[in-house]
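S.K.: Have a look at this one.
The values are calculated or read from the model by the stated rules, or taken from the named source; none is laboratory data. The shown structure was predicted, so the numbers you read here are calculated from the model rather than taken from an experiment. Cβ placement follows ideal geometry from the backbone for every residue including glycine, while neighbour counts extend to all protein chains displayed. SASA here: full protein model, heavy atoms, side chains in, ligands and nucleic acids out. Shrake-Rupley method; radii C 1.70, N 1.55, O 1.52, S 1.80 Å.
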Amino acid sequence: MRPLIAALAASLLALGVPLAVAPQASAATGVSAVADALQKSPVYVDPAAGTGLTSADVADLTKTIKDADKPVMVAVLPGGFPTQGLFNDLRTKTGIVGVYGVRLGDAFDARADHTVMSNQAVRNLTASVQGEPVKQQLDDFVDTAVRTAKGSAPSSWGVDNGDGGVPVGALVGVGGALVVGGAGAYALVRRNRRRREEEQRAALEKLRVVVDEDITAFGEELDRLDFHPAEAGADDAMRADYERALDAYEQAKRYMAAAARPEDVRGVTQALEDGRFSLALLAARREGRELPERRPPCFFDPRHGPSVQDAAWTPAGGAPREVPVCAADAARLADGGEPLVRTVDAGAGERRPYYDAGPAYGPWAGGYFGGGMLPGLLVGTVLGSMMASPAYAADYGAGYGDFGGGSGYDGGDYSGADFDSSDFGGDFGGGGDFGGGGGGGDFGGGF
């Protein structure tokens, strides 16, 4: 409905009707009060924070965010404010898809929905402003965030819920002119969302078959494994590898049972990849071999296990590229043969290689290979071409291995509690830890 709201605002301005700005909220007593304030305005400063920020400073920050039309929010809170689950709770109660920066006492941290700003970008941005004075820190954070964030600001920041002196007749006249178009636009939005939901359900059912095969295959590997933690020669490292493999198997089953959208499958295949690497480590320890390096699974079928090298391969009608392969497929390619490729249901009873079977298999491949690897591996394939197209980004979300773009919500949308909680997890302070070290100073270790 944002276009309708924008049209209404433009019409009111054309009539000379001023639009009131929501006033700054009063002091927060908890996360709910902070969330309520951020729903009305992008900047909230608790009077108890004692930062020395002036009303002009707050107005400047607010103007920067609103002028950029980006879903960036900043809260300044007193040092004693509870930090347990702060970001997750704040995102749930605010319900806005966006970037959240929090200055708490002398510490600063941030989180964001990954559809608005990548987790790595959030970490880099947070680390870059650590230790700065409060005004400079917030100015620098906001200036960079509005340049990086995707999406638009929520409409609630620019609309006054009261009459604010606005002539009722003007509102009625403009509103009446828009009501028919508004009803049509709303119906169109609902139809499009239903279509996406139906596509996602169908894609998840396709993926369920493939992932169940993967989970079963890994379970059979564990059954065939001739290892017992108490056997002669077993050491703590071997037992740890074995436990990680068992945990990965159970985790994959839990994740798949709980999967509600196609993108949820990524966690399943990530767990299976972790489990197979643990088995590779266990095998090397038992045989007295050098431990293998961490490599992606075999490109042709991740059930083959971790790859051992990169090999040249050219898909039909495509360009040559290097792909990670298992030892058996490397030998086949070296002998001029064909690799054993994983085939999946491509519709109408036809089975095709997964990379030529349609966009539904993006999340499955993304979990095994990670978003960063897929463009080079899939270039020239049906899946790669679809995922690189504007149509795929519109229907399924931008990014390799990302299906649905965060449940179909864009930056600035109100999603309520429907978001990826991993984007907002961790202790307060973790976002400022750059490169795994203590880049956040006092704040890097959390509270």
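S.K.: Select, from LEU333, LEU340, the only residue that is touching a residue at least 12 places away in the same chain (Cβ under 8 Å), surrounded by fewer than 18 Cβ atoms within 10 Å (Cβ to Cβ) and under 29 Å from ARG208 (Cα atoms).
M.R.: Unique residue meeting the criteria: LEU340.
S.K.: So, in segment 287-307, how many residues would count as being open to solvent by 60 Å² or more (accessible area, probe 1.4 Å) and within 20 Å of ALA217 (Cα to Cα)?
M.R.: Count: 2.
S.K.: Cβ-Cβ distance below 9 Å, separation of 6 or more or different chains: which pairs start in segment 29-55 with a residue that is among the aromatic types (Phe, Trp, Tyr) and end on one that is at pLDDT below 90 and surrounded by fewer than 21 Cβ atoms within 10 Å (Cβ to Cβ)?
M.R.: What qualifies is TYR44/GLN24; TYR44/ALA25.
S.K.: Continuing with the same structure: For segment 276-292, indicate whether the set of residues that are basic (Lys, Arg) and closer than 25 Å to LEU378 by Cα is non-empty.
M.R.: Scanning segment 276-292 turns up at least one residue that is basic (Lys, Arg) and closer than 25 Å to LEU378 by Cα.
S.K.: Considering only segment 97-112, state which residues are open to solvent by less than 10 Å² (accessible area, probe 1.4 Å), more than 13 Å from VAL72 (Cα to Cα) and not hydrophobic (A, V, I, L, M, F, W, C).
M.R.: The one that is open to solvent by less than 10 Å² (accessible area, probe 1.4 Å), more than 13 Å from VAL72 (Cα to Cα) and not hydrophobic (A, V, I, L, M, F, W, C): ASP109.
S.K.: Among VAL31, VAL43, which is surrounded by 18 or more Cβ atoms within 10 Å (Cβ to Cβ), within 25 Å of MET117 (Cβ to Cβ) and modelled with pLDDT of 95 or more?
M.R.: VAL43
S.K.: Having 2 or more residues that are under 17 Å from the mean Cα position of the chain (by Cα) is the bar; report the strands (runs of 3 or more DSSP E) wholly within segment 68-151 that clear it.
M.R.: By residue number, 99-104, 107-112.
S.K.: Any idea which of GLU205, GLU221, GLU243 is part of a helix (DSSP H, G or I) and in contact with a Lys or Arg (Cβ under 8 Å, 6 or more places away or on another chain)?
M.R.: None of the other options fit; the residue is GLU221.
S.K.: Tally up the residues in segment 247-286 that are open to solvent by 30 Å² or more (accessible area, probe 1.4 Å), within 17 Å of PRO306 (Cα to Cα) and out of contact with any Gly (no Cβ under 9 Å at 6 or more places or on another chain), please.
M.R.: Selection size over segment 247-286: 3.
S.K.: Within the group THR83, THR126, THR115, THR94, which residue is β-branched (Val, Ile, Thr), closer than 19 Å to ASP427 by Cβ and surrounded by 23 or more Cβ atoms within 10 Å (Cβ to Cβ)?
M.R.: Going through THR83, THR126, THR115, THR94 in turn, just one is β-branched (Val, Ile, Thr), closer than 19 Å to ASP427 by Cβ and surrounded by 23 or more Cβ atoms within 10 Å (Cβ to Cβ): THR126.
S.K.: Which pairs do you get when a residue that is open to solvent by 40 Å² or more (accessible area, probe 1.4 Å), found in segment 138-149, comes within reach of a residue that is aliphatic (A, V, I, L, M), reach meaning Cβ atoms under 6 angstrom, with the pair 6+ apart or on two chains?
M.R.: If the second residue must be aliphatic (A, V, I, L, M), the pairs left are ASP140/VAL129; THR144/LEU125; THR148/MET117; THR148/ALA121.
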